[in-house]
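The values are calculated or read from the model by the stated rules, or taken from the named source; none is laboratory data. Being a predicted model, the structure only gives us computed values, none of them experimental. As a convention, Cβ positions derive from the backbone with ideal geometry for all residues, glycine included, and neighbour counts pool all protein chains shown.
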Amino acid sequence: MTEPQLRVLGPAAASAVALVLHGGEERSTELVHRFRPAYLRMLPFALDLARAGRRGGLAVGLLRYRHRGWNSPELDPVVDARWALQQLRHRHPGAPVVLVGHSMGGRVALHVAGDEAVTGVCALAPWTPAGDPVEQLAGRTVLIAHGDRDTVTDPRLSHAYALRARRVSEAVCRFDVRGESHALLRRAGEWRLLVRRFTLGVLGISEPDQLIAAALAAPPPSGLSVAL
């Protein structure tokens with residue numbers, strides 16, 4: 001595979017878009033195939049969003065990167081995500097976009113949130129090293145959720161990131177998913193429900209979820225450590 005692969009689910013003429021981004025590694029040029037666990041982990045999220053949002057005109061893109069790694073300074077998955085946004089813009093001009101990413105995919109989503117089409121970001125167990133930028137989140141609605149038993153990406157770092165993000169956007173919330181690890185498997189249904197309610201609410205396909213709305217309205221730090 002010499003270029004990223006974008007699978008699009010939903011109507012051919014969509015009024016809103018969700019782009020789903022999988023995880024990876026800090027450094028690897030190994031090609032990503034469709035049976036990689038990181039990619040497969042996000043397939044249920046994409047299918048769930050496609051089913052729930054079809055009547056509301058939602059198209060869902062599931063991106064498969066060229067390489068497994070973040071690969072600084074090239075930032076390969078960031079390049080791929082920007083390519084995917086361009087493809088989706090061409091297919092669905094003017095449609096607002098919500099980004100949904102897990103682990104490294106959460107970091108990718110946060111990095112490309114400055115794209116003019118993006119209105120919201122849902123980052124699940126994101127990899128958020130100290131010093132990552134937040135300025136691109138201005139004007140975006142951001143939800144971060146992290147398992148308290150995650151030993152792969154540090155929940156304390158995503159909390160610190162959320163605090164910094166709140167300085168540029170008032171619409172930032174963060175959930176602590178009790179008893180959950182990095183793989184999102186112990187409470188899989190609740191992860192999908194959270195993503196679905198956030199995405200459809202931000203895109204105006206459904207009414208805003210009350211729990212998410214309350215978290216977004218709560219001042220820090222209470223709105224950044226909401227128990228799920």
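Would you confirm, using the coordinates I've provided, whether Thr199 is within 30 Å of Pro93 (Cβ to Cβ), among the β-branched types (Val, Ile, Thr) and modelled with pLDDT of 95 or more? For Thr199, the condition - within 30 Å of Pro93 (Cβ to Cβ), among the β-branched types (Val, Ile, Thr) and modelled with pLDDT of 95 or more - is met. Checking each residue in the range 137-179 for being of a type in the set (D, E, K, R), touching a His at 6+ places or on another chain (Cβ under 8 Å) and over 18 Å from Thr199 (Cα atoms) picks out Asp150, Asp176. Of all the residues in the range 159-181, those that are more than 14 Å from Pro126 (Cα to Cα) and β-branched (Val, Ile, Thr) number 2. Can we say Leu40 is free of Cβ contacts under 8 Å to residues at least 40 places away in the same chain and either among the acidic types (Asp, Glu) or under 23 Å from Gly189 (Cβ atoms) (or both)? Considered against the rule, which asks whether it is free of Cβ contacts under 8 Å to residues at least 40 places away in the same chain and either among the acidic types (Asp, Glu) or under 23 Å from Gly189 (Cβ atoms) (or both), Leu40 comes out as yes.
The single residue among Ala117, Ala123 that is under 23 Å from Ser169 (Cα atoms), without any contact (Cβ under 8 Å) to a residue 40 or more places away in the chain and of a type in the set (Gly, Ala, Ser) turns out to be Ala123.
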